[in-house]
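Q: If you scroll down you'll find the structure; I have some questions about it.
Please treat every number below as a calculation from the coordinates, not as lab data. None of these values were measured; they are calculated from a predicted model. Neighbour counts are summed over all protein chains in view; Cβ atoms, including those assigned to glycine, are modelled from backbone coordinates with ideal geometry.
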Amino acid sequence: MSTARVVTDDSFEAEVRRSPRPVIVEYWAAWCPPCRQVAPVLDEIAADYAGRVDLVTVNIDENPRTASRYRILAVPTVSVFAGGEVIGQVTGARSKSALLVAFAELLGPPPGRSAARPTAEASPGRRGDDGRRRTPDRSRH
């Protein structure tokens, strides 16, 4: 069972924009298979950040005003709100690690973990023994 609270057009202002904590908002639709894939991933992230962030869901078909206001054109879309404003957003189903990388600067490390956060540089490509990036020799064409 999901830990996310259901938010509507009528409750969005109070539940998300006025929240004292950052809020992860999942925009979804019942007809969207990728939405069903990302929901448990967001539940895991919410559990990791329990007490520091809230997780809510917005069904775009039942809440068109909110979807329109935030220009949600595809689902799933995941936004992070802080101080009443969108501070980060990704569209499409993503793995937990991909979402943590996307939102690392916004959420910080989960409680009880070191300050080291995943970054986009985590997979820098192939490197030689000297640590420098290998590039193909293009001079032999």
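Q: Could you give P(r) for the stretch 5-116, binned at 10 Å from zero, as whole percent values over all Cα-Cα pairs?
A: 15, 51, 30, 4, 0
Q: Would you calculate the separation in nanometres between label points at R17 and T91, each defined as 7 Å from the Cα along the Cα-to-beta-carbon direction?
A: 2.2 nm
Q: Would you give the gap between the C-alpha center of the stretch 43-113 and the C-alpha center of the stretch 16-36, rounded to a whole Å?
A: If we compute the Cα centre of each part, the gap is 6 Å.
Q: Follow-up. Could you tell me the calculated FRET efficiency between A82 and W31, based on Cβ-Cβ distance and R0 = 35 angstrom, to the nearest 0.05?
A: Computed FRET efficiency for A82 and W31 comes out at 0.70.
Q: What is the magnitude of the charge dipole of the stretch 5-116 about its Cα centre, with +1 placed on the Cβ of each Lys and Arg, -1 on the Cβ of each Asp and Glu, and no other charges, expressed in debye to the nearest 20?
A: 220 debye
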